[in-house]
Amino acid sequence: MPSGESFYITTPIFYVNDVPHIGHAYTEVAADVLARWHRQRGDDTWLLTGTDEHGQKILRTAVANDTTPQAWADSLVEKAWKPLLETIDIRNDDFIRTTEERHEKAVALFLQKLYDDGHIYSGEYEGYYCVGCEEYKQIDDLMETPDGDYAGQLVCKIHGRPVEILKEKNYFFRMSAFEKPLLDLYESNPSFVQPASVRNEIVQFVKQGLDDLSISRSSFDWGVKVPWDDTHVVYVWFDALLNYISAIGYGVDDAELERRWPAVHLVGKDIARFHAVIWPAMLMAAGLEVPRAVFGHGWLLVGGEKMSKSKLTGIAPAQITDTFGSDAFRFYFLSAITFGQDGSFSWEDLSARYHAELANGFGNLASRVIAMVTKYFDGEIPQAPVDEAIAVLVREVTASANAAIDAFAINEAIAHTWTLVDALNLYITEQEPWALAKDPAQRERLQQVLATAVHGLGTLAILLAPILPRASERLWHAIGGEGPVDARPIDHAFDWSGGTHVTPLETSLFPRIEED
Ligand code: ME8
């Protein structure tokens, strides 16, 4: 099965100033589905996630909580960020923290190389700084608030909090030198930034001209020290972006770097600019390959606004998984929202889709088919030719779902798969196996109908394994599948030769949930 093709995918590394909400979990599940899908294709897959622990935001949070930034980060990583991965079933291959020695060493090495090669110089900067974004802002990024706590002040459009005026002598990266190479990159590789809306915004931004980037700070010391001047620490974004190569051996393991790099970066569109402008410029300066792609997904909105902890609209992922389960969490956010666009979350919508699609659609199909094989054939799966219409459909759905994944259209991959769920439900309704069972002359037809239905379920278990890992595994074993379902090649999901016996499901895959 292994094709051996490398597929390295990353999530942003998240700030540890607070606990995760469903926006962070959304990026994690999307990256995990893509990684699981590629693993199931036999690609040499690597999923990296982690935490961003330096900078003013973390420092101030720690001070406000009467602790040190290191102690604060240690406790949040262990109490909140790593447990998040369990809550939503993320199968990451590594977890990087920017306070780890492997990372700090790589940052120093990278910076020194850029300095030695003349890409860094010393200068002075004055500008508006948003600590929430950890970024100097242009006037267009700000707005004046007429009322509320910050009436009359300039606030950041993303965080709604006042910006600060900073004036510092620090080191600059000659980013302006990469304006033309970056525009050439976007032109020659249109899929470098996706989706098109984010790409257009990035191209417009770079066309307006790039300034050099201030990459050090001397007014506080929570960061990686600049190797040639220990009165400065590295700017938190310059430090953070390097996680994508520090985690795969930059400077210490050339073979590993060669094996994994370049990556696909999955990020929210709020930070697409850092990944599609600053990061490739840094890599070009260091003589490294640019990322394979940067995909900026949309925002989860609550009440029409980007969900965020600072605005107190954050919802903890466990609030959802405690009631609906982790599979439903994964399914809901990836199927209900067009990947790449914004989407609104509501409990009503979650519950409605859970019941319509998972409980009544998929779960009920599985229970019905397995119960009928148990009842009419004593659990032995009939060995009969699969009905032509379903045989054709399972091939089509396998191909279209795989193609959708290659285009980052995760919601479409699920929609294609659901045409098979719906078709199988309709097939059972139309073929009426319970009626066939009453007529001994129809025994052969009954065998064929149930063989066809089980074949469809086998395809579904394989195709849904990246999205619904728990339910797929249960279904797979219930229909006699051998070994773990995710060991079955997903691009040949239609090609299941079948088990011999079913084992009834003790509880349905997606039980109905009483309204509360
Ligand atoms: O920006 N909807 O970290 P961060 C969808 N440390 N996704 C959301 C979201 C929402 N409402 N809110 C957050 C940082 N996200 C930096 C990254 S990478 C080298 C450094 C997700 O903790 C989305 O992926 O602020 C967004 O890009 C990310 O969380 C921001 O996380």
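The values are calculated or read from the model by the stated rules, or taken from the named source; none is laboratory data. Computed from a predicted model, the values in this text were never measured in an experiment. Glycine gets a Cβ as well: all are built from the backbone with ideal geometry, and neighbour counts include every protein chain shown.
A few remarks follow.
- Subset of region 462-487 [within 22 Å of residue 334 (Cα to Cα) and part of a loop (DSSP other than H, G, I, E, B)]: 465, 466, 467, 468
- Looking across region 316-334, the residues that are within 16 Å of the ligand (Cβ to nearest atom) and either closer than 20 Å to residue 295 by Cβ or touching a helix residue (DSSP H, G or I) at 6+ places or on another chain (Cβ under 8 Å) (or both) come down to 316, 317, 320, 329, 330, 332, 333, 334.
- Only a single criterion out of (1) in contact (Cβ under 8 Å) with a residue 60 or more places away in the chain; (2) more than 17 Å from residue 479 (Cβ to Cβ); (3) out of contact with any helix residue (DSSP H, G or I) (no Cβ under 9 Å at 6 or more places or on another chain) is not satisfied by residue 374, namely (2).
- Qualifying residue in region 443-458 (condition: surrounded by fewer than 18 Cβ atoms within 10 Å (Cβ to Cβ) and under 35 Å from the mean Cα position of the chain (by Cα)): no
- Hey, residue 325 more than 19 Å from residue 347 (Cβ to Cβ) and either surrounded by 17 or more Cβ atoms within 10 Å (Cβ to Cβ) or without any contact (Cβ under 8 Å) to a residue 60 or more places away in the chain (or both) or not: no
- Which listed residue is surrounded by 19 or more Cβ atoms within 10 Å (Cβ to Cβ), within 11 Å of the ligand (Cβ to nearest atom) and either at pLDDT 95 or above or under 26 Å from residue 466 (Cα atoms) (or both), from 283, 266: 266
- With respect to (1) more than 10 Å from the ligand (Cβ to nearest atom); (2) in contact with a Ser or Thr (Cβ under 7 Å, 6 or more places away or on another chain); (3) among the aliphatic types (A, V, I, L, M), the lone exception for residue 302 is condition (1).
- Residue match in region 416-427 (condition: closer than 30 Å to residue 292 by Cα and surrounded by 19 or more Cβ atoms within 10 Å (Cβ to Cβ)): yes
- Lone unmet requirement of (1) more than 25 Å from the chain's Cα centre (by Cα); (2) closer than 20 Å to residue 499 by Cα for residue 398: (1)
- Looking only at region 200-252, residues that are of a type in the set (Asp, Glu) and touching a strand residue (DSSP E or B) at 6+ places or on another chain (Cβ under 6 Å) come to 2 in all.
- Members of region 115-147 that are modelled with pLDDT of 95 or more and of a type in the set (Asp, Glu): 116, 117
- Those residues of region 76-122 which are over 26 Å from the mean Cα position of the chain (by Cα), assigned to a helix (DSSP H, G or I) and touching a residue at least 60 places away in the same chain (Cβ under 8 Å), in sequence order: 105, 108, 109, 110, 111, 112, 113, 114, 115
- Residues that are among the aliphatic types (A, V, I, L, M) and over 20 Å from residue 414 (Cβ atoms) were ranked within region 1-22; the one that is farthest from the ligand (Cβ to nearest atom) is 1.
- Subset tally (residues that are within 16 Å of the ligand (Cβ to nearest atom) and of a type in the set (Ser, Thr, Tyr)) for region 23-78: 5
- Yes/no for residue 13 being farther than 19 Å from residue 315 by Cβ and within 12 Å of the chain's Cα centre (by Cα): yes
- Pairs with Cβ under 7 Å, 6+ apart, first in region 256-270 and of a type in the set (Phe, Trp, Tyr), second at pLDDT 95 or above and not in a helix (DSSP H, G or I): 261/8; 261/248; 261/289
- Subset tally (residues that are of a type in the set (S, T, N, Q) and surrounded by 15 or more Cβ atoms within 10 Å (Cβ to Cβ)) for region 466-502: 1
- Residue 313 falls short on exactly one of the conditions (1) within 12 Å of the ligand (Cβ to nearest atom); (2) under 19 Å from the mean Cα position of the chain (by Cα), and that condition is (2).
- Taking region 383-395 as the range and being surrounded by 14 or more Cβ atoms within 10 Å (Cβ to Cβ) and either among the aliphatic types (A, V, I, L, M) or not in a loop (DSSP other than H, G, I, E, B) (or both) as the test, the residues that pass are 384, 386, 390, 391, 393, 394, 395.
- Residues that are of a type in the set (Lys, Arg), surrounded by 12 or more Cβ atoms within 10 Å (Cβ to Cβ) and over 25 Å from the mean Cα position of the chain (by Cα), drawn from region 180-206: none
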